[in-house]
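All remarks here apply to the structure that follows.
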Amino acid sequence: MSQWITVLGATGSIGSSTLDVVRRHPARYRIYALTGFSRIAELVSAAIEFGPRFIVVPNEVAAEQARGLLTQAQQDCQVLMGEEALARVASDPEVDMVMASIVGAAGLVPTLAAATSGKRVLLANKEALVMAGPLFMQAIRDNGAELLPIDSEHNAIFQSMPVNYSGDFDEHGIEKILLTASGGPFRNKTKTELLNVTPSQAVAHPNWSMGAKISVDSATLMNKGLELIEACFLFNCRADQIQVVVHPQSIIHSMVQYNDGSVIAELGQPDMRTPIAYGMAWPERIDAGVKHLDLFDIARLDFVQPDHDTFPCLNLAKDAFERGGIFPAVLNAANEVAVAAFLTEQISFLAIPELIEQVMQACPEKTVTCLDDVLGADRWAREQANALLPSYLLDC
Ligand code: NAD
Ligand code: MG
């Protein structure tokens, strides 16, 4: 019997890789709903190919365009609109699994809805977990949902962990997680060399092809910072139990070190279809369409320490996790504002960590007991960051 999938963020990089895996297994997977925030024509093309029951778009203008294109193609598909519809298609009873691949805080509510309704959650949207880690993990446990990490590092850690991992490092003889980082496009650059780098240089990742926001995060190392927080929540550990290892080839996707001296790693091509297919089929394995790894082609693997002075975002994230409460949500929101301002050439690359640090410094301690606490912290941090932006604006 086939399984029904909702793809949140179907027009993005992860969304289209997910559709490629589905395309290879038409008898095993059926698309229930596809969502997109822009590129409506592409969303409709996917709807024509995969025949979902629903597509979700942001507003009436987009809905109008989608309906027109669907009618032209004589495709029967209902068009829904807005945030409530995202949560609905993530939680409808017919849905077996949800690919959470909306970028940023916008993915939190529908991803949480998938967890609360007991789905298999394929988690690419790391920002959702960073913002609301304890609430999200509780929702997974309380509702019998399954959480499969799609971020390549966390997927590799999941594969390298004991099968029956209880959430306790000591019980399984785990010493630490070795979280690998490519170092991004600016690895080995000095601060002076980074003074005038442009958005197009920042999004040109050497190994992975990804959306603009995560590409900038990779360049600042905030992506690794968010991933450190993500790993702490997913695997129930402290930040000092995770060591970041810069590994420029991105062949090892992360490792787990055990107290008997063993290190277990997952290796593969830098192609997101591997973790996506793994999450979809787990505990089975299916063809992902990924080129097989040839170690003779790779020949060598390098490992170096991260450069914390040039890339302060990693420590900002570690600090946010250790302070707890609303700090991870505040870090994430300030980063989203800073990255958007950098991508539109309003602020410089080096202003990104400065702006985030300033917002974090102004942040009062506050615990998180419910979703409103998280959403409130997100709003507060965006307001703070936007208020601080003028002092970082570039002269045109
Ligand atoms: P992307 O920018 O390519 O796609 C983002 C998707 O989200 C698009 O479908 C877009 O329409 C949708 N979206 C954007 N804003 C929205 C909003 N306000 N409301 C609803 N939908 C909205 O991004 P991506 O690279 O595919 O990344 C998606 C997520 O997966 C991110 O959280 C990223 O950190 C994570 N991730 C991506 C990769 C990768 O290789 N691309 C790897 C690991 C993790
Ligand atoms: Mg990653």
Selection within the range 363-374 - part of a helix (DSSP H, G or I) and in contact (Cβ under 8 Å) with a residue 60 or more places away in the chain | Leu371, Val374
Here are Pro275, Pro270: which of them is within 16 Å of ligand 1 (Cβ to nearest atom), in contact (Cβ under 8 Å) with a residue 24 or more places away in the chain and not in a helix (DSSP H, G or I)?
-> Pro270
Residue hits (the range 249-264; open to solvent by 60 Å² or more (accessible area, probe 1.4 Å) and part of a strand (DSSP E or B)) are Val263, Ile264
Check off (1) in a helix (DSSP H, G or I); (2) under 29 Å from Ile14 (Cα atoms); (3) open to solvent by less than 40 Å² (accessible area, probe 1.4 Å) for Met360 and give me the number that stays unchecked.
-> (2)
In the range 308-349, residues that are of a type in the set (Asp, Glu), more than 23 Å from the chain's Cα centre (by Cα) and on the phi < 0 side of the Ramachandran plot total 1
Is at least one residue of the range 196-203 of a type in the set (S, T, N, Q), open to solvent by 10 Å² or more (accessible area, probe 1.4 Å) and free of Cβ contacts under 8 Å to residues at least 40 places away in the same chain?
-> yes
Do any residues in the range 222-237 that are more than 20 Å from Ala212 (Cα to Cα) have Cβ atoms under 9 Å from those of residues that are polar (S, T, N, Q) and within 14 Å of ligand 1 (Cβ to nearest atom), where the two are at least six apart or on different chains, and which pairs are they?
-> Ile229/Asn332; Ala231/Ser254
Does the range 142-153 include one or more residues that are open to solvent by less than 20 Å² (accessible area, probe 1.4 Å) and away from ligand 2 (no atom under 12 Å from the Cβ)?
-> yes
So which residues in the range 204-217 are in a helix (DSSP H, G or I) and either more than 10 Å from ligand 1 (Cβ to nearest atom) or open to solvent by 10 Å² or more (accessible area, probe 1.4 Å) (or both)?
-> Ala212, Lys213, Ile214, Val216
Identify, from the list Val339, Val368, Val330, Val374, the residue that is touching a Pro at 6+ places or on another chain (Cβ under 8 Å) and not basic (Lys, Arg).
-> Val368
Which of the following residues is at pLDDT 95 or above, touching a strand residue (DSSP E or B) at 6+ places or on another chain (Cβ under 6 Å) and not β-branched (Val, Ile, Thr): Gln138, Gln159?
-> Gln159
Report, by residue number, each residue of the range 284-298 that is without any contact (Cβ under 8 Å) to a residue 40 or more places away in the chain and open to solvent by less than 90 Å² (accessible area, probe 1.4 Å).
-> Val290, Asp294
Filtering the range 18-39 down to residues that are within 20 Å of Leu86 (Cβ to Cβ) and part of a helix (DSSP H, G or I), which residue is nearest to ligand 2 (Cβ to nearest atom)?
-> Thr18
Run Leu394 past the list (1) open to solvent by 50 Å² or more (accessible area, probe 1.4 Å); (2) outside any loop (DSSP other than H, G, I, E, B); (3) of a type in the set (A, V, I, L, M, F, W, C) and report the number of the one that doesn't hold.
-> (2)
Residue check for Glu193: near ligand 1 (Cβ under 9 Å from one of its atoms) and outside any loop (DSSP other than H, G, I, E, B) = no
Just wondering, is there one or more residues in the range 111-130 that are within 14 Å of ligand 2 (Cβ to nearest atom), open to solvent by 10 Å² or more (accessible area, probe 1.4 Å), part of a loop (DSSP other than H, G, I, E, B) and among the hydrophobic types (A, V, I, L, M, F, W, C)?
-> yes
Report yes if Ala66 is in a helix (DSSP H, G or I) and either within 16 Å of ligand 2 (Cβ to nearest atom) or buried (at least 18 other Cβ atoms within 10 Å of the Cβ) (or both), otherwise no.
-> yes
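The values are calculated or read from the model by the stated rules, or taken from the named source; none is laboratory data. It should be emphasised that the depicted structure is a prediction, and the values quoted were computed from it without experimental measurement. Neighbour counts run over all protein chains shown; Cβ positions are idealised from the backbone, glycine included. SASA here: full protein model, heavy atoms, side chains in, ligands and nucleic acids out. Shrake-Rupley method; radii C 1.70, N 1.55, O 1.52, S 1.80 Å.
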